[in-house]
1. Take the residues of region B:244-254 that are in contact with a Phe, Trp or Tyr (Cβ under 9 Å, 6 or more places away or on another chain) and touching a residue at least 12 places away in the same chain (Cβ under 8 Å): which is surrounded by the most Cβ atoms within 10 Å (Cβ to Cβ)?
2. What's the number of the only condition in (1) of a type outside the set (F, W, Y); (2) under 19 Å from B:G203 (Cβ atoms); (3) modelled with pLDDT under 95; (4) in contact with a helix residue (DSSP H, G or I) (Cβ under 8 Å, 6 or more places away or on another chain) that B:G8 fails to meet?
3. Out of B:K440, B:K374, I need the residue that is within 14 Å of another protein chain (Cβ to nearest Cβ), over 24 Å from B:G108 (Cα atoms) and not in a loop (DSSP other than H, G, I, E, B). Which one?
4. Taking helices (runs of 4 or more DSSP H) that do not extend beyond region A:293-365, which have at least 3 residues that are in contact with a Gly (Cβ under 6 Å, 6 or more places away or on another chain), facing chain B (nearest Cβ under 7 Å) and of a type in the set (F, W, Y)?
5. Which residue out of B:I141, B:I149, B:I178, B:I204 is crowded, with 21+ Cβ neighbours inside 10 Å, touching a His at 6+ places or on another chain (Cβ under 7 Å), modelled with pLDDT of 95 or more and β-branched (V, I, T)?
6. Just give me the residues in region A:123-148 being part of a loop (DSSP other than H, G, I, E, B) and either under 17 Å from B:A381 (Cα atoms) or more than 7 Å from every other protein chain (Cβ to nearest Cβ) (or both), in sequence order.
7. Can you name the number of the only condition in (1) within 22 Å of the chain's Cα centre (by Cα); (2) surrounded by fewer than 21 Cβ atoms within 10 Å (Cβ to Cβ) that A:M345 fails?
Amino acid sequence: MQGPLAGTRVLDLSQYIAGPYCTRLLAGFGADVIKVEPPGGDPIRHWGPFKDGETDPEAGAFHLYLDQGKRSVTLDLDTADGRAVLRELVATADVLVESFRPGALAELGLGYDDLKEEFPSLLYVSITPFGQNGPYAEFAATEITTYALGGLMYITGESDREPLKNGGYLGQYGAGQHAYVATLAAIWESAVSGEGQHVDVSVHESITSLLEMTDMNYIYGGEVFPRTGNGARAAWGIYPCADGFVGVVSGPLRRWVNIAELMDNPNLADERFQRPGAQSELRDEIDVEMLPWLITHDKEEIYQKAQALGLPFGYVSTPADFFRNEQLAYRGFFHEVDHPVAGTMRYPSMAAHFTDGLWESQRAPLLGEQTNEVLESLGHDEASRKRLSAAGALGGAPTRRPTRGGAK
Amino acid sequence: MSDSTNNGVPLRPGQQGPLKDVVVLDCSMVWAGPYCTKLLGDLGATIIKIEANRQLDSVRGTPIPPAIPISKYANDDPGEDPWNRAGYFNKYNRNKLGMCMNILMPEGREIFMELAAKADVIIENFGGGVFERMGFGYDVIREVNDDIIFVSMPPSGNGGPEARYVGYGVAIEQLGGIVARTGYLGDDVPMKSGINYGDPIAGIHTAGYIMTGLLHRRKTGRGQYIDLSQREATINWVGESVLEYQMTGNDPKWIGNRDEYMTPSGAYRCTGEDSWIALAVATDEEWGALCATIGRPDLLEAYPTYDARAQHPDEIDAAITAWCAPRDADEAMMTLQAAGVAAGVCANNRRVVNDPHLAARGFWPEVEHISAGKHIVAGVAWQYSRTPGAVYAAAPALGQHTEWVLREVLGKSDAEIERYRASGALENVPEEVLKQRQQKAAGA
């Protein structure tokens, strides 16, 4: 299949999560993404979880997911030869994506200002914790740092306990998803103007953009928005059930009687519970009526029965639940992908159906798997590649490791 | 239809960015769809938002405000037209043109189809199948615009056993796997997010998919029906946990502010009301810097490696807590950052709005709203060196641009506009308010 981005070459110097997630999307839609890795590989290769807990840079969950569909080339940018090869690659690329500390690539002569004159159509996308300028630009950061300063952490959790970070790496994924939009918009414009530019994506601003109405409550009303935990309203949040937790969400008040019907409990149809504000004022009374039914029913069953009555329920789902759900199976959301080291697993694909398909799920590359073929395409014959390798420009030999039997 | 021509839709003063030749007809409401069109509008796309006086975007709040509104009103005052003054709506709908018309009436439908013929993209987020049953399915639109990018974004996608299911962000984040890994360490119950996370996740995805569809159209001349599942979008942000489950059989747990790969990791109380910093240590170098800064070289000596640190999180947390307790959060952050430790203030909304870094990057531009007056608003999420986007206009009051669009986009004459007005299809006072006025008049 020819994806919509076929013919677009992306040079991916980014590491960890945000940048690689952006380039994963570019690759899935057909771009030729060349992942340029330092000796030893993108550090995310060394993050677990791993199968059986055994560290393996080819088989970490983050790497396998984030680097899908890319080609891997190892280059040591600390060597002059490595930097020279990178410039040769830039000459063939439409887009460069990087996630280094601001200024780090400029120190190697590979900043945007160093490249723009020679490569005027190059789109240079930087994805960093706080962007390219400003007082925090050089701050050290992990997920929790940007989450805290971005404002999401303060409003998550309970008012009398510490602010809570969402589990996982939502700030990183969010920045990568935003960066994908920004990159395609730049490609859209550049295809007409023929000119490149520098696109500056900040994880911090990607998070701050998601504060819902809470920043406006301060701007308009001077209110410091509090943490409200799982909510002060009945039937609008997380409740226990027989095998986990369900999202009891009553929706508009006209739907309230359907909750009584769902739980086969006429007491819940009490007129008092149907007045505006009752779900806050009579929360305890309502909960007492709901809980006995909830804790004797399973989450998937509650979800299906509630939705059949038009109630916008959900449930706290884990990956095990994803694989049991008929809708996700019907949509074919998970694609089976084989990998020579990690074996066959089901990977999330794209979250939409397009008339023309467009997305392709492929495996992640082994470290340096395509170093030779890419160098060859640049005109480096075997002698030249040997010379580069001997000079240390390629970060050592590509990984040679036994692959599992039965792999493609 | 030719590509990239803007179809004669005029740009407004200040409208700029890489997408200024793209026209989007926006029938979406609340947050997921409007967040998508906010992103596109910030990059210069023309966004024509359609509402009706009997179906306002619900984040405008109810026309007759309840005791606890959905968000604060400008100057904390609902005024005469509260639906134009709600912070929630006015944040995410800046830069958009606002039309108010009843597209179920023949005159409204006529206008809508003329706009559909000129648009590059139509986006809707009514529940499964509703927009189609209203008479605006993809096939109907294609009759007037063969290469339209038509986007629908229900909770779990159109088609399949859950096609008609309904959902809000609060349930989508549960169904998408976020909540199962969010919660305080040791608690029996997980924790919801501070926002309806499912909405913006779906919105950002959709903006990217629209751009993908536009690039595909440029290459092939083909339009596209894009059927998004908000649940699947959310799962994409926990993708590695899907693989983890298959590798290890482990479903995710919640571990508070701790981290599987970093110790310490947490939030630590500082002086002042509800004031905290958060930090996590990723490398041994940062660990050494932290121990030196808080005056605890003994900890570095006792636990020099990650594996050693990971065995003693409580002791380490206690040491950091003791150091933070008498310190101002911003000062503590600056001291730790100067030593290379990844610390940040847990900023509340007041601190975010006044953040010096965001100010230096111009993240809070000012707009002037026809009813709410001058106010700042969260800015463009990216910076472009050559074709920057902009926040150039406040959110529309209900129906503020109906006539402008009829005149400037569709070239309608005064007489034609009068005919539309007389039909009642362009009524822009909310239905409930009209009824209330009638009752008052009858009572008087």
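1. So the residue we want is B:P252.
2. (2)
3. Exactly one residue qualifies, and that residue is B:K374.
4. Values: elements: A:299-308, A:319-324, A:326-331.
Filter on region A:293-365 gives an empty set.
5. Working: B:I141 fails: touching a His at 6+ places or on another chain (Cβ under 7 Å); B:I149 fails: touching a His at 6+ places or on another chain (Cβ under 7 Å); B:I178 fails: touching a His at 6+ places or on another chain (Cβ under 7 Å).
Sole residue among the options that is crowded, with 21+ Cβ neighbours inside 10 Å, touching a His at 6+ places or on another chain (Cβ under 7 Å), modelled with pLDDT of 95 or more and β-branched (V, I, T): B:I204.
6. At the first step, the residues of region A:123-148 found to be part of a loop (DSSP other than H, G, I, E, B) are A:129-142.
The answer is A:P129, A:F130, A:G131, A:Q132, A:N133, A:G134, A:Y136, A:A137, A:E138.
7. Failing condition for A:M345: (2).
Residues are listed down the side, and each one gets a yes or a no for (1) within 25 Å of A:I44 (Cα to Cα); (2) over 17 Å from the mean Cα position of the chain (by Cα):
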{"site": "A:E117", "(1), (2)": "no, yes"}
{"site": "A:S121", "(1), (2)": "no, yes"}
{"site": "A:T145", "(1), (2)": "yes, yes"}
{"site": "A:M153", "(1), (2)": "yes, yes"}
{"site": "A:G157", "(1), (2)": "no, yes"}
{"site": "A:D160", "(1), (2)": "no, yes"}
{"site": "A:K165", "(1), (2)": "yes, no"}
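The values are calculated or read from the model by the stated rules, or taken from the named source; none is laboratory data. Since we're looking at a predicted model, the values are computed, not measured. Cβ coordinates were reconstructed from backbone atoms using ideal geometry, including for glycine residues, and neighbour counts include every protein chain displayed.
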